[in-house]
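Quick notes on the structure that follows.
The values are calculated or read from the model by the stated rules, or taken from the named source; none is laboratory data. Since this is a predicted model, take the numbers as computed values, not measurements. Quick reminder, even Gly has a Cβ in these numbers, built from the backbone with ideal geometry, and neighbours come from all protein chains shown. Side chains included, ligands, DNA and RNA excluded: accessible areas come from the protein's heavy atoms. Shrake-Rupley method; radii C 1.70, N 1.55, O 1.52, S 1.80 Å.
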Amino acid sequence: MKAPAFAYAKPRSLAEVCALLDERGETARVLAGGQSLVPMLNLRVAAADLLVDISGIESLRGVSVTADRLCVGALTSHREVEQSAEVARHAPLLAQAAPHIAHVAIRNSGTFGGSIALADPAAEWPACCLALDATILTISKAGKRSIPARAFFKGLFSTDLRPGELITGVEIPLTPGHRSVFLELSRRRGDYAIVGVAAMAKVQGGTLQDVRLAFLGGGDRPLLAVHAMKAAEGKPPLADLGPALAADLSPMADLDTSARTKLHLANVLARRALAALAG
Amino acid sequence: MTARDELPVKDSKTRTQSGYIGKSEPRANAKRLLQGRGSFIDDLRFPRLAHVAFLRSPHAHAKIKSMDFSKARAAPGVIGVFDGRAVAEYCSPWIGVLGHLKGIKSPPQYPLAIERACWQGEAVAAVVAETRAQAEDAVELVAAEWDPLPAVIDMHESLSGKVVIHPEFEDNICFSRQIDNGEVDAAFKNADVVVEESYSFGRHTGVCLEGRAILADYNAGEHMLTVHHATQAPHMMQDIFSKHLNLPEANVRVICRDIGGAYGIKVHVYPDEMCTAALSIMLRRPVKFVADRLESFLSDIHAREHKVTVRLAATKDGEILAFDLDDLTAIGPYSVYPRTSGIEGNQVVNLTGGPYKHKHYRASLNVVFTNKNVTCQYRAVGHPIAVALTEGIVDLAAQKLGMDPAEFRRRNMIPDDAYPYTGAAGMKYEVLTHHQCLDKLLSLMDYKGLRAEQAELRKKGVYRGIGLAAMIEVTNPSPAFYGVGGARISAQDGATLRLEPTGMLTVLSSVTEQGQGTEGIFAQIAATVVGVTMDKVKVITGDTSTTPYGGGTWASRGAGIGGEAVLQAGKALRSNILDIAAAILNVDKADLDIFSNEVIDLASGESKLPLAELGRVAYFRPDTLPMKFQSELMVTRHYTPREYGFTFTNGIQASLVEVDVETGFVKLLKHWCVEDCGTVINPLLVDEQIRGGVVQGIGAALFEECHYSEDGQLQNATMADYLVPMSGEMPDIVCGHVESKTRTSELGAKGVGEAGTAGAPGAVMNAINDALSSLGARVTTMPFTPERVLDALGKK
Amino acid sequence: MDHSLPLTLTVNGTRVTSRVEPRTHLIDFLRDTAGLTGSHIGCEHGVCGACTVRVDGLIVRGCLTLAVQCEGKTVDTIEGLSDSGELAELQQAFHERNALQCGYCTPGMLVAALDLVKSEPDASRERIREHLSGNYCRCTGYQAIVDAIETVLAMRRTTAKAAGARP
Ligand SMILES: Cc1cc2nc3c(=O)[nH]c(=O)nc-3n(C[C@H](O)[C@H](O)[C@H](O)COP(=O)(O)OP(=O)(O)OC[C@H]3O[C@@H](n4cnc5c(N)ncnc54)[C@H](O)[C@@H]3O)c2cc1C
Ligand code: FES
Ligand code: FES
């Protein structure tokens, strides 16, 4: 199970990365943490002529906070997010979700930006980005773009990223006063979830306000459950969001779990998440 | 007196023995592994080593129309590309049948399929290159054309015979067997209670962390093939390489160094491994094959795909009258050589109902071919199925009778004083201890307390379940297992003990080590019997050119058979040592003993002669010994169990689970196992054998299944998709023992390596069903995924 | 086409210089080029943890790290961590508790365990299980491994307390 041959470059500047990606087109692939790309190469389900290792670009690394937003650099590792005091303070949802991603050794290497770029429908970060109403920042030879998370995830492993475009970071608006809960069901610790929910709301007198529910494993991409959010808005935690979720989600069956079961599980999680937010 | 005190390893008058038997001695050979200094096959470095990768069939069943090797041959680093015909010139085919499995049939199998591939993953061409990566690159360049054939995937469809897989046969039935003992129909007719259920077992596999591995090194100058092989049975493989590669037996040497897990997976003949050995001869250089994870899933034997319907008849007083079962199992396109793929099903019909004293028993078995990967013996062969369906139906009967499941079992278990006993299935048991084990288990787990807690929690909407699974287990098999059927698989084992000049003791054994602790317990036995300290003992295993001939490691036989050979060799060596001491000291042998590396005076315990001094005299100054006296400081003894077909053991497990009835998730809270392996040589190692085995059984119950698509594609051939048990979900496991020694050997040890795996799936299933019982739900299809639990609950 | 590149890194305290193909992952490099066969390969797709090594002090999957990504970095393997004594307590505890059978998972398991012992002195049994959740062991059933790590943590706490109690 050895990867097919490829060339490797490790540019020292963003401009160099953009130039390389532009020049080599589809035959080049960005290498960040390698925790998804390298296994795909080893399994020979992916191939590339050139890997462009972006880990030398220090400006893409780390968490920073401004007056109204938190910025997570694309190269920030899952583990760094998990252990960041700023994240814990300003976007606790991310800190709650992080331990669910794989295992420590993988979290040490895997990056925030890599996970967003990969857009696995069962991954934690994309769903969190939806719940947090985050903005994805990109750069390419053509320039910079800011893409709202809700417009970024297009389908199964497919995003709004254009050829030659690199994610530089993710901006998250600060939402003081919101509570957050992250729940997921996976067969074993660290496995990709069967289904999971990233939930946020303000709590006022036992009712939930400004409810946001984003699901992982609920379809071919991370999904904001708009009907369920509407149903839950301004009420005490509801016990059954089944009909709303049926409109919001269209889970894909996997080998062990049918789409119907996933929908059922999403409803269970939604109820538990709302109760936890209120409680 | 405890069982250990009565051990026969010393004369009763001895007061001085420091026995290691029964002690939790850590294994000396673990130290190198802890430092990463083991030597697994893939760690070996050879000059001119070539690497092989295989082109494997992408179809479940297809004719090979053509293969074009020209591009592959021209690829960088490629040494050669070969098809089935080329390799068949060097390696003859084999047929996986046994004489005592009446009517079993299977077609000839070749190292590389020649005309037709019969499962997705069957090797059809071999590429040899300077590196494994280059070999894999070139495999992608082989242009193969296929003619897909209809594939038989479902076992019922196979049984129907509408499509016959092998043209030389009339149907797809590899083997079938019927047992009908007593008056089964009458028993069911007269029963107050009859319960029936169908159980389904997911096909799963061993997932050794180290893939199958072989490094074959043919030396043309000597016409000698040395095979470094991750195998559990080196002598069996020596015989097979010799026969099929047409080399004199003495010109084949099989060496097993460290092996990264085996569990039965590495005791079979694999076509790609035979091919690797043939390639070494063809290319006259060392060739290595290590199965990567994809190849492991596609070509390591799978196991346990069964669908069974079982019925139980009982009286209203709770007496079990009869079992009746119908087992259908699918084994892939070939019966695996040389043990056959009929044994697993055969064990199911031999073992079902085993712990109980019913008189009537009927079983019907059909073993059918399919176009999936082959199945064969994997740890606990047949037991997990027999135990789960016995214990599942027993629980169902108890439920229907309104009896506590522990009490129902107690009423029906064979009494501890009834042995020797022949069970209704015809198996002969020498001595078992079901009742002692049950009692010990119930007190160990505080059964009553748990039941009370369960009832309390139920009121709060928490669904806990307690499941029991009693079992019998085949260990220490006699030649009746394989030898009588014509397989050249040794049921006996040998041990050679040699006292070295410095007083050290070398032990050579035909049993192999894959981490069970074989070498450790043999050191304990040898040290105890001879009278030396553990640090003086060195154990050597896994080399056909140096160790005595024997069977190796499988069917929980290492300790019981190989250990007895060590014991007997130790007794003989000790006697020889005392002869020499008597000659040197000029005293009566009967007045001497050996203790802690010294010959001592038996009566006073006074030191008379260090063994190092005895060794010096015997090896370097024999001139000082009496004229006609010849010292013999190396002794070999063998042992074969023969009185019983198998030395049966018994035990019982319990599982405590909590089911989240909204999500169908099962949380394992705790697990218990009490078993009787006779003499416990090393409690530390025995308990870890059990725990490791239990977790493999839990894997079967909750996680592991090889998913095939309707056209025979294995859909989860990665470790991300095939779920094995990991630390996060596993419970702590409490072990307990009852020791009833087998009288067939002096050591008294029965086997233990498979007990955990045998009982765990049944215990977990019963625990889940106990949790669900008040909701009227029941699961019967393993593994018990959240989906299946929710299905049973009618949620979704 | 030859894509190979020069590579210099520090392995177990020694500088190693070589040329490697970019596709060579760190474990193949360590085993085949550096001759350090203690780190094992179990799956080559990141699930089993047999290849766990330390790069610049952090545990990583050796099979999901390209050797070329380690230019200028410091790699520690089971061999180096054994020779330096860093693993000694864990090794002894594993030995006494028989927390290994075939030993194939053991190097990865020890490197992962050391990470926990160093970073979370108060880790509970549950946390130990969680931390090891990416390291597959088919032989032991995990309990002995968890026990051994728990023992080392307890030992270290006692030692630390004793040291702290001294004036
Ligand atoms: C055993 C295992 C279990 C896992 N479990 C989980 C899990 O439970 N949840 C989860 O979310 N993930 C899981 N992962 C995946 C892991 O989180 C990855 O780290 C992550 O998905 C990708 O990040 P990376 O930095 O490793 O990206 P890489 O593997 O380097 O790249 C992934 C893809 O993104 C592209 N890419 C990377 N960075 C950028 C960028 N800045 N701009 C544009 N494109 C980019 C690459 O070209 C590539 O196509 C698991 C991985 C493994 C091996
Ligand atoms: S070999 Fe790297 S995780 Fe399995
Ligand atoms: S000891 Fe064998 S895999 Fe862990």
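Brief remarks follow.
- Unmet requirement for B:Glu513, which otherwise passes all of (1) crowded, with 23+ Cβ neighbours inside 10 Å; (2) acidic (Asp, Glu); (3) part of a helix (DSSP H, G or I): (3)
- Yes/no for A:Ala117 being in contact (Cβ under 8 Å) with a residue 60 or more places away in the chain, closer than 30 Å to A:Thr27 by Cα and in a helix (DSSP H, G or I): yes
- Identity of the residue in region A:1-34, assigned to a loop (DSSP other than H, G, I, E, B) and farther than 30 Å from B:Phe289 by Cα, that ends up farthest from the other protein chains (Cβ to nearest Cβ): A:Ser13
- Residue count for region B:196-235 satisfying the condition of being of a type in the set (A, V, I, L, M, F, W, C), open to solvent by less than 10 Å² (accessible area, probe 1.4 Å) and away from ligand 3 (no atom under 16 Å from the Cβ): 6.
- The requirement of being open to solvent by 10 Å² or more (accessible area, probe 1.4 Å) and of a type in the set (Gly, Ala, Ser) is satisfied by A:Ala102.
- Filter result (under 30 Å from C:Asp83 (Cα atoms) and surrounded by fewer than 17 Cβ atoms within 10 Å (Cβ to Cβ)) within region B:36-79: B:Ser39, B:Arg45, B:Phe46, B:Pro47, B:Leu49
- In region A:105-114, residue nearest to ligand 2 (Cβ to nearest atom) [restricted to those that are part of a helix (DSSP H, G or I) and within 17 Å of A:Gly62 (Cα to Cα)]: A:Ser109
- Residue within region B:415-427 that is open to solvent by 30 Å² or more (accessible area, probe 1.4 Å), over 30 Å from B:Ala777 (Cβ atoms) and among the β-branched types (Val, Ile, Thr) present: yes
- Which numbered condition B:Val724 misses (of (1) open to solvent by less than 10 Å² (accessible area, probe 1.4 Å); (2) more than 9 Å from every other protein chain (Cβ to nearest Cβ)): (2)
- Residue that is nearest to the other protein chains (Cβ to nearest Cβ), among those in region B:745-786 that are surrounded by fewer than 22 Cβ atoms within 10 Å (Cβ to Cβ) and closer than 27 Å to B:Tyr378 by Cβ: B:Thr781
- Of all residues making up region B:647-663, the number that are surrounded by 24 or more Cβ atoms within 10 Å (Cβ to Cβ) and either over 18 Å from B:Gln454 (Cα atoms) or away from chain A (no Cβ under 14 Å) (or both): 11
- First in region B:614-637 and in the same structural domain as B:Ala569 (by TED's automatic domain parsing) and in contact (Cβ under 8 Å) with a residue 24 or more places away in the chain, second anywhere and open to solvent by 20 Å² or more (accessible area, probe 1.4 Å) and aromatic (Phe, Trp, Tyr), Cβ under 9 Å, 6 or more apart: B:Ser631/B:Tyr619; B:Leu633/B:Tyr619
- B:Ile525 more than 14 Å from chain C (Cβ to nearest Cβ) and either within 16 Å of ligand 3 (Cβ to nearest atom) or under 17 Å from the mean Cα position of the chain (by Cα) (or both): no
- The test for being away from ligand 1 (no atom under 16 Å from the Cβ) and either under 21 Å from B:Trp554 (Cβ atoms) or charged (D, E, K, R) (or both) holds for B:Arg311.
- Number of positions in region A:36-82 that are more than 16 Å from ligand 2 (Cβ to nearest atom) and in contact with a His (Cβ under 7 Å, 6 or more places away or on another chain): 2
- For region A:6-18, filtered to residues that are open to solvent by 40 Å² or more (accessible area, probe 1.4 Å) and farther than 18 Å from C:Glu71 by Cα, the residue that is nearest to the chain's Cα centre (by Cα) is A:Leu14.
- With respect to the stated conditions, A:Leu174 is in contact with a Leu (Cβ under 7 Å, 6 or more places away or on another chain), open to solvent by 20 Å² or more (accessible area, probe 1.4 Å), more than 14 Å from chain B (Cβ to nearest Cβ) and not hydroxyl-bearing (Ser, Thr, Tyr).
- Entry remark, region C:113-152: residues being part of a helix (DSSP H, G or I), within 16 Å of ligand 1 (Cβ to nearest atom) and surrounded by fewer than 24 Cβ atoms within 10 Å (Cβ to Cβ) number 1 in total.
- Restricting attention to region A:152-164, the residues that are in contact (Cβ under 8 Å) with a residue 60 or more places away in the chain and not in a strand (DSSP E or B) total 3.
For every residue, the table says whether it meets (1) farther than 20 Å from C:Leu81 by Cα; (2) touching a residue at least 24 places away in the same chain (Cβ under 8 Å); (3) more than 14 Å from chain A (Cβ to nearest Cβ).
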| residue | (1), (2), (3) |
| --- | --- |
| C:His95 | no, no, yes |
| C:Pro107 | no, yes, no |
| C:Leu110 | no, yes, no |
| C:Leu114 | no, yes, no |
| C:Val117 | no, yes, no |
| C:Pro121 | no, yes, yes |
| C:His131 | no, no, no |
| C:Arg138 | yes, yes, yes |
| C:Thr159 | yes, no, yes |
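- When B:Arg778, B:Arg788, B:Arg743 are screened for being more than 21 Å from the chain's Cα centre (by Cα), in a helix (DSSP H, G or I) and more than 15 Å from B:Leu668 (Cβ to Cβ), only B:Arg788 passes.
- For B:Gly483, the stated conditions do not hold, so it cannot be described as out of contact with any strand residue (DSSP E or B) (no Cβ under 6 Å at 6 or more places or on another chain), farther than 30 Å from B:Ile525 by Cβ and free of Cβ contacts under 8 Å to residues at least 12 places away in the same chain.
- The one condition from (1) within 27 Å of B:Leu684 (Cα to Cα); (2) within 16 Å of ligand 3 (Cβ to nearest atom) that C:Cys43 does not meet is (1).
- Residue in region A:35-48 that is assigned to a helix (DSSP H, G or I), open to solvent by less than 10 Å² (accessible area, probe 1.4 Å) and more than 8 Å from ligand 1 (Cβ to nearest atom) present: yes
- Just so you know, in region C:38-65 the residues that are open to solvent by less than 20 Å² (accessible area, probe 1.4 Å) and more than 13 Å from ligand 2 (Cβ to nearest atom) include one that is farthest from the other protein chains (Cβ to nearest Cβ), and it is C:Val55.
- Region A:83-104: number of residues that are part of a helix (DSSP H, G or I) and within 16 Å of ligand 2 (Cβ to nearest atom): 1
- Within region C:5-37, considering residues that are among the aliphatic types (A, V, I, L, M) and open to solvent by 10 Å² or more (accessible area, probe 1.4 Å), the one farthest from the other protein chains (Cβ to nearest Cβ): C:Val16
- Of all residues making up region C:92-115, the number that are over 12 Å from the mean Cα position of the chain (by Cα) and either within 12 Å of ligand 3 (Cβ to nearest atom) or over 10 Å from C:Thr140 (Cβ atoms) (or both): 12
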